[in-house]
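Read the structure below first, then the notes.
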Amino acid sequence: MSAQPITAAALEARLREVLSPTQLEVIDESHQHAGHAGANGTGFGTHFRVRVASPLFDGKPRVARHRLVYDSLQDFIDQGLHALAIEVL
């Protein structure tokens, strides 16, 4: 049985659950990376951009904020999420 495709909605749901963001936007940019390393040939589910603000970020340096996002999405990374561009707002 194959894993479910990785979607922006799935990433958004996880980030909402874990980070309780005040602002959140998840964009699937996979189609822009066709033929690149990590692309799966479908045009979706491998390369995402996350724009996020969360009260959990308060007082933390940028690297720690990014780590919170990566840790929240680790199981998606394990399933084939190849690239994650993070913009902390």
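Read the figures in this text as sums done on the coordinates, not as results from a lab. This structure is a prediction, so every number in the text was calculated from the model and none was measured. We place every Cβ from the backbone using ideal geometry, glycine too, and count neighbours over all the protein chains shown.
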- prompt: Roughly what would the spin-label model give for Ala85 and Asp71, points 7 Å off Cα along C-beta, in nm?
  reply: 2.6
statement: So, for the Cα atoms of region 45-87, Rg and Dmax in Å stand at 10.7, 32
field: Proximal charge balance of Ala13 [Cβ under 15 Å; K/R count +1, D/E count -1]
entry: -3
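Give me the extension gain from Gln23 to Arg49: residue separation times 0.36 nm, minus the current Cα-Cα distance, reported in nm with one decimal.
Full-extension gain reported as 8.0 nm.
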message: Counting only other residues whose beta carbon sits under 14 Å from that of Leu89, what net charge do I get with K and R as +1, D and E as -1?
response: +2
